[in-house]
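These notes are about the structure you will find just below.
The values are calculated or read from the model by the stated rules, or taken from the named source; none is laboratory data. In this text the structure is predicted, and so the values were computed from the model without any measurement. Using ideal geometry, Cβ is built from the backbone for each residue, glycine included, and neighbour counts are taken over all protein chains shown.
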Amino acid sequence: MNKVLLIIQREYLSRVKKKSFLILTFLVPSLFIGMMSLVVYLTAKGDDKVKEFKVLDQSGIFENQFTNSNNLNFSYIKGNYEDAKKDIRKEKESFLLYIPANYDLTKNVEVIAEKKPGINLINDVENQMETIIRNKKLIAAGIDTSVLNSSREKVSINAKQLTDEGEKDASIGATFIVGFASAFLIYLALFIYGAQVMRGVIEEKTTRIIEVIVSSVKPFQLMLGKILGIGAVGLTQFLMWIILTAGLSTLAANYLTKDDTGKAKTEQVMKKDMNHPDIQKVASGNKVTQFLDAADTINFPYIIGTFLFYFLGGYLLYSALFAAVGSAVDNETETQQFMLPITLPLIFTFIIGMNVIVNNPDSTLSFWMSIIPFTSPIAMMIRIPFGVPVWQLVLSMTLLVIGFIFTTWVASRIYRVGILMYGKKVTYKELAKWFNYKE
Amino acid sequence: MLKVSHIVKEYAKHRALDDVSLEVEKGTIFGLLGPNGAGKTSLIRIINQITGPDAGEVFFNGEKLNQSHINKIGYLPEERGLYKKMEIGEQMLYLAQLKGLSRADATNRIKYWFEKMEMQNWWKKKVEDLSKGMQQKVQFVATILHEPELIILDEPFTGFDPVNAEVIKNEILELNQKGATIIFSTHRMESVEELCDHIALINKSHKILDGSVKSIKNAYRNNTFRVGLTREFDTSTLKTFEIISSKKEEESENFTIKLKDGFSTNDVLQELLPQTGIIYLEEVIPSINEIFIEKVKQLN
């Protein structure tokens with residue numbers, strides 16, 4: 001056991017001491033927060049200036065019908081189209097909205113300006129014009145304006161989740177994001193750290209140090225030490241990311257709230273663009289506020305706890321297989337043929353997860369995928385934020401533990417033979433033979 | 001100290017070791033000789049408990065081989081290797097600790113050996129920065145750091161330049177004098193012939209010969225001698241010997257001869273002296289290599 005500890009220590013330190021580890025540890029949260037901040041900043045800044053629209057309406061229908069908003073200001077002009085066009089070139093921040101006398105909404109309405117108008121701006125104007133025309137037509141058909149106004153009800157569904165503590169608001173958007181993010185992280189981590197295990201095994205084989213090591217420890221101890229050591233590296237990295245992201249986002253949030261106008265604008269943007277409070281959370285660029293909001297409805301210690309469990313379980317299950325693949329080949333290019341059966345369930349789960357489980361977390365398919373050990377680390381993480389019955393969670397976790405003990409056992413039988421085999425093109429048949437060797 | 005008894009090891013298609021038995025006495029230098037693919041490495045791996053035999057047993061100091069013996073054996077494999085990116089010092093500490101040394105003990109011993117082998121400033125270096133010969137030196141020190149009772153060296157002198165090979169050879173002899181038992185495994189039989197007390201020859205998974213170097217050589221002496229003469233002599237009537245081969249050089253006539261039964265070298269000299277001048281006469285002692293070839297021929 002002492003020797004396994006020594007191996008874990010070496011595997012861990014030799015990786016954590018690397019520059020690339022440090023860089024990655026700091027780069028990922030910085031990039032994440034940086035990108036989020038940038039999105040928030042740009043969204044706020046994009047609507048910074050009030051856009052002046054000069055409406056040259058020759059049809060007479062839209063006269064005084066446009067409503068001004070936070071960033072749109074309409075004024076109405078008269079005159080000649082050519083003159084108006086010349087004038088608008090002098091005013092850098094203004095747009096000319098030209099509606100000809102015999103207008104056709106799909107053809108000859110024009111927005112003319114020195115610079116290109118944004119797509120949102122055009123959308124706003126189009127929406128307003130559509131509403132104006134619809135209203136006019138409805139009124140012409142004899143419908144009362146008061147009926148018209150009362151018919152524009154807004155619908156906003158509040159999802160409530162029944163739990164032991166009673167009813168609580170289910171933040172669908174945040175739930176989706178948390179489920180997606182944790183499943184995606186597990187998916188990535190299984191590949192990254194699994195491949196590290198495989199590369200470590202190949203390195204020991206190609207440098208031929210393997211024979212020295214296995215004359216001191218049993219192959220199983222070496223494999224176990226390597227898997228656990230690299231797993232510890234993964235955990236360290238995740239913990240650092242969580243701490244750094246939390247720290248940096250608090251800093252970023254502080255910075256944003258300190259700048260009152262900035263915050264006000266952010267809120268304005270969010271209120272204006274989104275009607276549904278939950279969609280608002282999903283679609284908004286401001287992940288910082290969104291996570292802060294979501295924290296009220298999402299049980300983060302529970303999510304992080306299950307995340308760590310499924311990361312470790314999935315990692316142990318898959319890294320043992322990666323180790324077996326590494327032992328069977330002489331260099332990395334030969335790994336291709338054995339990688340497919342390992343990567344396929346992962347990719348498959350991820351795709352199904354993103355398309356089916358997210359939309360239907362309690363379907364039969366979702367249930368089975370979150371129970372079977374090969375798919376459960378990803379599938380279950382998507383389901384967990386939506387709420388999973390305890391018995392399913394216990395079943396899934398138990399099977400995952402049994403699963404990784406099984407794969408480790410299978411892998412170690414291939415590994416002990418593979419590490420001492422050189423210069424052989426190995427087939428699946430051969431692997432089966434190794435598996436059956438005595439001692 | 002080491003007893004290998006009726007070992008059989010089979011791989012998928014062939015039998016690597018077939019009923020091999022041998023015994024290594026404490027404090028001796030033992031040569032495990034045979035061509036490539038004879039089964040030497042398979043046997044060594046079994047002694048190192050890297051693989052297990054399909055049949056047969058190994059005893060270490062009278063006990064059946066078990067995990068506790070791992071730390072008493074030092075093994076230098078034929079295929080050498082170290083972690084390329086790891087510092088030499090750290091690497092040696094790691095390997096020594098895997099053999100059961102404490103960190104403090106390991107540090108002291110590494111320092112001692114670094115000084116002895118003139119590697120003092122290598123601690124912080126990485127393996128990839130060393131020449132191949134230097135790496136071999138590091139590997140050798142790593143093998144013996146935990147002061148093993150049994151040192152197994154697989155092809156120990158390949159990869160060393162003559163100077164360093166001599167250094168290593170002397171270190172091995174010194175360790176042997178301090179009580180360590182040494183097993184050399186090699187296919188270059190002439191390279192260890194003069195070092196070994198005892199040898200075993202392995203060919204095609206079988207042990208074909210086993211014994212002390214002296215007794216084996218004595219058994220394969222066959223009254224063959226080389227003589228150098230100043231001029232030719234009458235070869236038509238030879239009483240005491242027959243000529244196996246001859247070779248003419250500028251200043252001498254050289255013959256390989258075989259004594260006839262019942263005659264000694266003195267009789268040969270008496271026969272030759274009246275006819276020619278004698279430059280030298282020496283016994284032809286077969287090399288292990290020749291004995292091996294002879295033995296394989298006999299078996300076929």
- Note on the structure: Going through (1) surrounded by fewer than 15 Cβ atoms within 10 Å (Cβ to Cβ); (2) within 14 Å of chain A (Cβ to nearest Cβ); (3) in a loop (DSSP other than H, G, I, E, B) one by one, B:Glu57 fails only at (3)
- Message: With the condition being over 25 Å from A:Thr306 (Cβ atoms) and away from chain B (no Cβ under 14 Å), I'd like the helices (runs of 4 or more DSSP H) fully within the stretch A:361-439 carrying at least 2 qualifying residues.
- Response: A:390-418
- Message: Among (1) at pLDDT 80 or above; (2) in contact with a helix residue (DSSP H, G or I) (Cβ under 8 Å, 6 or more places away or on another chain), there is one condition A:Thr206 misses while meeting the rest; what is its number?
- Response: (2)
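With respect to B:Phe114, determine if the residue is aromatic (Phe, Trp, Tyr), more than 8 Å from every other protein chain (Cβ to nearest Cβ) and closer than 30 Å to B:Arg15 by Cβ.
Judged against the criteria, B:Phe114 is not a match.
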- Odd one out for A:Val16 among (1) over 26 Å from A:Asp124 (Cβ atoms); (2) in the same structural domain as A:Thr131 (by TED's automatic domain parsing): (2)
- Message: Could you tell me how many of the residues in the stretch A:9-34 are without any contact (Cβ under 8 Å) to a residue 12 or more places away in the chain and either away from chain B (no Cβ under 14 Å) or part of a helix (DSSP H, G or I) (or both)?
- Response: 9
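Looking at the stretch A:349-360 only, could you name the residues that are part of a loop (DSSP other than H, G, I, E, B) and either on the phi > 0 side of the Ramachandran plot or surrounded by 15 or more Cβ atoms within 10 Å (Cβ to Cβ) (or both)? Lay out the reasoning, then the answer.
Step one: filter the stretch A:349-360 for residues part of a loop (DSSP other than H, G, I, E, B), giving A:358-360.
Across the stretch A:349-360, the qualifying residue is only A:Val358.
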- Is it fair to say A:Met421 is more than 26 Å from A:Pro373 (Cβ to Cβ) and surrounded by 15 or more Cβ atoms within 10 Å (Cβ to Cβ)? yes
- Scan the stretch B:21-34 and report the pairs whose first residue is touching a residue at least 60 places away in the same chain (Cβ under 8 Å) and more than 16 Å from B:Ile172 (Cβ to Cβ) and whose second residue is of a type in the set (Gly, Ala, Ser) and surrounded by 14 or more Cβ atoms within 10 Å (Cβ to Cβ), with Cβ atoms within less than 9 Å and a gap of 6+ or a chain change. B:Ser21/B:Ser5; B:Ser21/B:Gly56; B:Leu22/B:Ser5; B:Leu22/B:Ala200; B:Leu33/B:Ser185; B:Leu33/B:Ala200; B:Gly34/B:Ser185; B:Gly34/B:Ala200
- Evaluate the stretch B:32-42: report whether one residue or more is assigned by TED's automatic domain parsing to the domain that holds B:Glu190 and in a strand (DSSP E or B). yes
- Taking A:Arg199, is it more than 9 Å from chain B (Cβ to nearest Cβ) and of a type in the set (D, E, K, R)? yes
- Quick one: how many residues across the stretch B:191-223 are in a loop (DSSP other than H, G, I, E, B), closer than 18 Å to B:Asn36 by Cβ and free of Cβ contacts under 8 Å to residues at least 40 places away in the same chain? 0
- Task: Starting from the stretch B:76-94, take each residue that is more than 7 Å from every other protein chain (Cβ to nearest Cβ) and touching a residue at least 40 places away in the same chain (Cβ under 8 Å) and list its partners that are polar (S, T, N, Q) and assigned to a loop (DSSP other than H, G, I, E, B), counting only C-beta distances under 8 angstrom and pairs at least six apart or across chains.
- Result: B:Glu78/B:Thr158
- Note on the structure: B:Thr158 passes all but one of the listed conditions (1) under 20 Å from the mean Cα position of the chain (by Cα); (2) at pLDDT 90 or above; (3) under 23 Å from A:Val214 (Cβ atoms); the exception is number (2)
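Table: residues versus (1) farther than 22 Å from A:Val201 by Cβ; (2) assigned by TED's automatic domain parsing to the domain that holds A:Ala183; (3) among the aromatic types (Phe, Trp, Tyr).
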residue: A:Val329; (1), (2), (3): no, yes, no
residue: A:Ile351; (1), (2), (3): yes, yes, no
residue: A:Asn355; (1), (2), (3): yes, yes, no
residue: A:Trp368; (1), (2), (3): yes, yes, yes
residue: A:Ile372; (1), (2), (3): yes, yes, no
residue: A:Leu393; (1), (2), (3): yes, yes, no
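Name the single residue that is surrounded by the fewest Cβ atoms within 10 Å (Cβ to Cβ) among those in the stretch B:19-54 being within 11 Å of chain A (Cβ to nearest Cβ) and not β-branched (Val, Ile, Thr).
Taking the stretch B:19-54 first, the residues within 11 Å of chain A (Cβ to nearest Cβ) are B:41-42, B:44-54.
Filter once more, keeping what is not β-branched (Val, Ile, Thr): B:42, B:45, B:48-49, B:52-54.
On the way: B:Ser42: 22, B:Arg45: 23, B:Asn48: 22, B:Gln49: 20, B:Gly52: 13, B:Pro53: 25, B:Asp54: 17.
Ranking the candidates gives B:Gly52 first.
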